[in-house]
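To start, the structure itself, in structure tokens.
Where a number appears in this text, it was derived from the coordinates with a stated rule and is not lab data. All values derive from a computational prediction rather than experimental measurement. Cβ coordinates were reconstructed from backbone atoms using ideal geometry, including for glycine residues, and neighbour counts include every protein chain displayed.
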Amino acid sequence: MTARRRGVALTPMETRLDVIVQTAVLADELGYEVFALPEGWGLDSTTVLTKIALGTRRIQVASSVLSVWGRTPATLAMAAATLHQISGGRYVLGLGASTKALVEGFHDAAFEDPAGRLRDVVTKVRALLAGQPARLDHATAAFPLRLGQPPAPEVPIWVAALGRRTLQVAAELGDGWVPVMVARDRLAGWVTSMREAADPRALTVAAGPLTVVDEDAGAARSIAASCAAWYLTAMGDVYARSVSGQGYGAEVSAIIAANPRPSPRQAAVPADAQVILDQLAAYGTRDQVREQLEPWDKAADIVMIGLPPGLPWGNIEATLLAAAPTPTAEPAASLFRR
């Protein structure tokens with residue numbers, strides 16, 4: 001069977017450091033192309049990815065994504081160039097505008113003009129990585145400095161975007177696009193529009209479903225549904241608004257009504273909103289998940305296997321084995337394996 005381009009993506013709610021590293025090592029052994037670790041209000045993505053880069057051989061390690069409000073462009077460029085060296089050129093810098101709840105409630109910053117902020121930060125980070133002086137907007141009388149390490153213009157910058165203006169930033173300035181919570185059947189149309197607006201350089205689309213394998217298909221559904229419902233009810237309004245705009249407004253409303261006190265592990269998707277779960281997730285037995293992933297391979301360049309937070313190790317291992325680029329692959333022995 002021909003190998004597919006597959007990656008692994010975690011959520012910001014996953015904070016079990018040992019499990020994160022163990023998952024990355026297994027993904028590396030199984031031939032996954034990318035391991036993406038976002039940053040929210042828990043672990044620092046760059047330091048964890050440093051540990052992963054030192055414990056893996058070939059997989060790309062991606063900060064997917066870092067908030068453009070949480071670090072200055074200079075700090076982002078320093079981290080990216082450093083991880084580029086540590087990983088032997090395997091680092092991908094993911095940037096996004098984040099959410100109002102996180103920007104204001106955690107970083108104590110005003111969530112104003114997020115698309116403009118995203119454009120400004122991506123532009124300034126790319127210039128610094130190319131060896132150019134810092135672009136100064138406030139301390140204009142200061143002498144602009146360059147990075148004090150070798151330039152790394154080859155570091156790919158992947159942009160997370162869902163809104164019209166942030167999508168434009170991703171198309172114009174990004175080397176890749178990493179959408180979250182985009183319905184499977186809508187993705188192809190979005191990709192076409194993105195590529196029509198994109199810079200002539202290739203735009204890598206890295207997207208995929210929440211994915212859970214379990215011998216009990218009902219148990220797998222419950223886990224996937226909890227995570228999907230949590231995103232739609234408790235992560236501000238950005239994901240609910242986006243999925244509603246994709247044509248699922250009634251179903252989003254049903255999920256919100258069914259979860260007055262949402263929990264990342266106990267939220268639910270009611271039967272009348274089932275279509276959303278089928279669009280955002282792949283769940284069930286090994287063979288069911290493999291079949292459900294096939295349409296994603298036609299829509300994305302790299303299908304990112306999204307693992308819900310708190311997933312038991314047995315489910316993680318079963319999921320990565322089922323969704324691996326070459327499904328017959330078996331993991332080698334690992335010091336990180338329990």
> Applying 1/(1 + (r/R0)^6) with R0 = 51 Å to the Cβ-Cβ distance of residue 164 and residue 18, what FRET efficiency is obtained, to the nearest 0.05?
Replying inline: 0.80
> Helix 286-299: angle to the longest alpha-carbon principal axis of the chain, degrees 0 to 90, nearest 10?
Replying inline: 40 degrees
> Exposure proxy check: 84, 107 ranked by fewest other beta carbons within 10 Å?
Replying inline: 107, 84
>> Could you give each residue of segment 233-238 its phi-based ³J(HN,Hα) in whole Hz, using Karplus coefficients 6.51, -1.76, 1.60 with θ = phi - 60°, and x for Gly or Pro?
In response: 10, 10, 10, x, 9, 5
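Test of the criteria: in segment 213-296, which trypsin sites (Lys or Arg not before Pro) are in a DSSP loop and have at most 16 other Cβ atoms within 10 angstrom of their Cβ?
Answer in residue order: 265.
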>> Give the average over all directions of the projected area of the C-alpha convex hull of segment 122-270, one decimal, in nm².
In response: 12.5 nm²
>> Take residue 149 and residue 275, extend 7 Å from each Cα along the Cα→Cβ direction, and tell me the distance between the two endpoints in nm.
In response: 4.9 nm
> Once the other residues with Cβ under 12 Å from the Cβ of residue 95 are scored (Lys, Arg +1; Asp, Glu -1), what is the net sum?
Replying inline: +2
>> Nearest 500 deg cm²/dmol is fine: what mean residue ellipticity at 222 nm does the chain get from its DSSP H runs of n ≥ 4 alone, each adding -39,500 (n - 2.57), divided by its residue count?
In response: -13500 deg cm²/dmol
>> Just to confirm my numbers, what's the Cα centroid distance between segment 129-175 and segment 281-324 in Å?
In response: 33 Å
> Local charge sum around residue 274 (other residues, Cβ-Cβ under 15 Å, Lys/Arg +1, Asp/Glu -1)?
Replying inline: -2
> In what sequence do 233, 140 fall when counting other Cβ within 10 Å, fewest first?
Replying inline: 140, 233
> For residue 219 and residue 197 in the same chain, what is the full-extension length gain: residue separation times 0.36 nm, less their Cα-Cα distance, in nm?
Replying inline: 3.8 nm
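Rounded to the nearest 0.05, what FRET efficiency is calculated for residue 136 and residue 58 with R0 set to 45 Å and r the Cβ-Cβ distance?
On the way: r = 39 Å, r/R0 = 0.86.
So, using R0 = 45 Å, E works out to roughly 0.70.
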> At 20 °C and 1.002 mPa s, what whole-number value in µm²/s does Stokes-Einstein give for the translational diffusion of the chain, with Rh from the Kirkwood sum over Cα pairs?
Replying inline: 106 µm²/s
> For residue 326 and residue 253 in the same chain, what is the full-extension length gain: residue separation times 0.36 nm, less their Cα-Cα distance, in nm?
Replying inline: 22.4 nm
>> If I model segment 25-129 as equal point scatterers sitting on the Cα atoms and use the Debye formula, what is log10 I(q)/I(0) at q = 0.11, 0.17, 0.22, 0.25 Å⁻¹?
In response: -0.35, -0.77, -1.13, -1.32
> For a paramagnetic label modelled at 7 Å from the Cα of residue 41 toward its Cβ, which residues of segment 64-92 fall within the zone defined by backbone nitrogen distances under 19 Å?
Replying inline: 65-71
> Using the count of nearby Cβ atoms within 10 Å as a rough guide to exposure, how do 100, 298 rank from fewest to most?
Replying inline: 298, 100
> Per-residue HN-Hα couplings for segment 75-84, Karplus 6.51 cos²θ - 1.76 cosθ + 1.60 at θ = phi - 60°, whole Hz, x for Gly and Pro?
Replying inline: 5, 4, 5, 4, 5, 5, 5, 5, 5, 4
> Counting only Cα, what are the radius of gyration and maximum Cα-Cα distance Dmax of segment 187-338, in Å?
Replying inline: 16.5, 48
>> Given the C-alpha atoms of segment 206-271, compute the convex hull and give its volume per residue in Å³.
In response: 95 Å³
> Which semi-axes, in whole Å and largest first, does the equivalent ellipsoid of segment 76-210 have when worked out from the alpha carbon gyration tensor as the square roots of 5 times its eigenvalues?
Replying inline: 26, 19, 14
